[in-house]
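Reading through the structure tokens given below for one structure.
Every read-out reported here was derived from the displayed coordinates using simple, explicitly stated rules and does not represent laboratory data. Not measured: the values here are computed from a predicted model. When we count neighbours, we look across all protein chains shown, and the Cβ atoms used for this are built from the backbone with ideal geometry, even at glycine.
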Amino acid sequence: MVYTVTHRILRNDMDAEEATQDTFLKAIRGLHTFQGGSRFSTWLYSVAYRTAISRSRLRRTEDRSLDEVEGRPGEPGSEAQGTTSDRRRALEHALSRLTPEDAAVVTFHYLHEMSVDEIVTATGLSASNVKVKLHRSRKKMLEILQEHLKEEVWTLRTE
């Protein structure tokens, strides 16, 4: 789960792996700072989020190809799995077009099923800021997915 958060922000396997290792080292060294005011996983997400954001600020590379962002290809299998894989790729594409911070907030909320309060604790953002980011990110992802699907339909028609 920590890797997912760092990868969503850093958008690179190797950087995400290093950030994940750094997160666990920081968590072990700072375990005495965990006061139990929230769940341990929320505290750990906070460490992961801040570690990945710091690393992303060190190296600003916003223009990546979809191949670099997609990560691991889907497993071959039945037609239903292919459809799921296509959906996952489309969602990954849409998430890759969001800012790293927005992508992390969406990942926290939908993939890790964190509440707004937990995201506030993990990121240090205000509750209203988290809600606005979620709203705007959903809207942007819808636009991206609609454009992406138009391109696919056009490709299918011309083949």
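Per-residue Karplus couplings for the stretch 25-41, computed as 6.51 cos²θ - 1.76 cosθ + 1.60 with θ equal to phi - 60°, are listed in order as 5, 5, 5, 5, 5, x, 4, 5, 7, 6, 9, x, x, 9, 5, 4, 4 Hz, Gly and Pro entered as x. As a calculated quantity, the FRET efficiency between Phe24 and Lys139 at R0 = 22 Å, using C-beta atoms, amounts to about 0.05.
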